[in-house]
Amino acid sequence: MEQIYKEIERLKQRLTQENLKAVIIPHISPDGDAVGACSAFYTALTKAGIVCHILTCDYFPEYLRWLKNITRSVSFQDKPDVCRRLIAGADLLFMLDHNTVKREGDLEPFVSVFRGDKVIIDHHPDPEEAEYMISDIRVSSTCELLYTVITGIWGREAIDPDMANALYTGINTDTGGLSHNSSRPQTYRVIADLLELGLNKELVHHYLYQMNKLTRLRLIGHALLNKLTVNPDFPLAIIPITLEELEKYNYREGDLEGLVNIPLSVEDICVSIQITQRKERVKLSFRSKGTVPVNEWAKTFFKGGGHLNAAGGQMNLPLEQVIQKINETAPWFFQTYVKR
């Protein structure tokens, strides 16, 4: 932690300069941790007098748009020229909940040539170089790490109830409701402090777990009943979902959140992969139990990466070819990383 505190102090000094402009960018297909981090940090920066914008290459999930500031975000899909201009004109670019510009989708070309200071605040392994690197793979989530950043720069009193709700959203969703990656006592100390600072836990849980639409439930039911398959040779579950099926069930961003975790509740399954066909690409979500490193599978074959038990990837191939690639590479993965 000593190095992290040094980086936070360096960043604190940088943020004292006048007339700063900043952009905040989450990873492609932002989840609860990325969105919560964007929400909380936008408030922190604007309170400090820094002109700030949240940019995303696609869209924030519907079920997270209640978080403060998220409706202010600018999507590259809607306003590409605005995104280019804001990146080019910024002094600081904050990469939240990802460790490489390759996870920024259509924004990558413009971030790659950015001339200001890049700041990575993240908890994924193997981050790329940046002018400021605040990275710790031990923390539950980027939002837990961001709590340390915000309090280290502006003090505990800087966190208001909306920020506390946003930070808890990230911690809760990235740990599956505190069911995994949440064994450090410090995680619960942060949550306790957020409660003292105004966290409305019931409100957060309401938006995260009690706002389902019938179309979402039917899509998940269809996926589990009709699309889930189990590999006959390996403890692997695969859930492929076509673009046509998404349209049939009136899919909205975030409707499939948590689906990939469900097959892991089966005793003999140790890896679950959800393959979702979108208009522009096929997206993959990897999950695993125990010490099975699905991030290695995602990184080696599917242009992705992430955590040991949770990773993502994407391919510009037809859905059937992606499924075929998973089945072709499964023997390599299980023989290399899974002891049976």
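Some observations on this one:
- Test for F110: is it touching a Leu at 6+ places or on another chain (Cβ under 7 Å), among the aromatic types (F, W, Y) and closer than 26 Å to Q314 by Cβ: no
- Odd one out for D97, checked against (1) open to solvent by less than 10 Å² (accessible area, probe 1.4 Å); (2) modelled with pLDDT under 95: (2)
- Looking at G198, G170, G221, G254, just one residue is within 24 Å of A311 (Cα to Cα) and in a loop (DSSP other than H, G, I, E, B), and that residue is G254.
- Per the conditions (1) at pLDDT 95 or above; (2) among the small types (G, A, S); (3) over 18 Å from M133 (Cα atoms); (4) surrounded by 19 or more Cβ atoms within 10 Å (Cβ to Cβ), the sole criterion not satisfied by S29 is (1).
- Answer residue from the stretch 78-98, given it is in contact with an Asp or Glu (Cβ under 9 Å, 6 or more places away or on another chain) and free of Cβ contacts under 8 Å to residues at least 60 places away in the same chain and is farthest from V51 (Cα to Cα) among those: P80
- For beta carbons closer than 8 Å, sequence separation of 6+ or different chains, a first residue in the stretch 316-340 that is at pLDDT 95 or above and a second that is open to solvent by 70 Å² or more (accessible area, probe 1.4 Å) and part of a loop (DSSP other than H, G, I, E, B), the qualifying pairs are A330/D233; P331/D233; F334/R340.
- Of all the numbered requirements in (1) under 24 Å from T276 (Cα atoms); (2) touching a helix residue (DSSP H, G or I) at 6+ places or on another chain (Cβ under 7 Å); (3) in contact (Cβ under 8 Å) with a residue 40 or more places away in the chain; (4) buried (at least 16 other Cβ atoms within 10 Å of the Cβ), M211 misses one, and that requirement is (4).
- Taken together, S29, S39 contain a single residue that is more than 25 Å from D126 (Cβ to Cβ), within 21 Å of the chain's Cα centre (by Cα) and either in contact (Cβ under 8 Å) with a residue 60 or more places away in the chain or assigned to a strand (DSSP E or B) (or both), which is S39.
- Looking across G312, G290, G305, one residue alone is among the small types (G, A, S) and open to solvent by 50 Å² or more (accessible area, probe 1.4 Å). It is G290.
- The set of residues from the stretch 55-70 being within 26 Å of F110 (Cα to Cα), assigned to a loop (DSSP other than H, G, I, E, B) and touching a residue at least 40 places away in the same chain (Cβ under 8 Å) comprises C57, D58, Y59, F60, P61.
- In the set (1) within 30 Å of T329 (Cα to Cα); (2) of a type in the set (A, V, I, L, M, F, W, C); (3) in contact with a Ser or Thr (Cβ under 6 Å, 6 or more places away or on another chain), L259 fails one condition alone, (3).
- Scanning the stretch 126-167 for residues that are in contact (Cβ under 8 Å) with a residue 12 or more places away in the chain, open to solvent by 40 Å² or more (accessible area, probe 1.4 Å) and in a loop (DSSP other than H, G, I, E, B) yields a count of 6.
- Within the option set E328, E320, E280, being surrounded by fewer than 16 Cβ atoms within 10 Å (Cβ to Cβ) and assigned to a loop (DSSP other than H, G, I, E, B) holds for one residue only, E280.
- Restricting attention to the stretch 232-251 and to residues that are out of contact with any strand residue (DSSP E or B) (no Cβ under 7 Å at 6 or more places or on another chain) and not in a helix (DSSP H, G or I), the residue that is most open to solvent (accessible area, probe 1.4 Å) turns out to be P232.
The values are calculated or read from the model by the stated rules, or taken from the named source; none is laboratory data. None of the values given here were measured: they were computed from a predicted structure. FYI the Cβ positions are ideal-geometry reconstructions off the backbone, even for glycines, and counts take in every protein chain you see. Note: areas computed on protein heavy atoms with side chains; ligands, DNA, RNA excluded. Shrake-Rupley method; radii C 1.70, N 1.55, O 1.52, S 1.80 Å.
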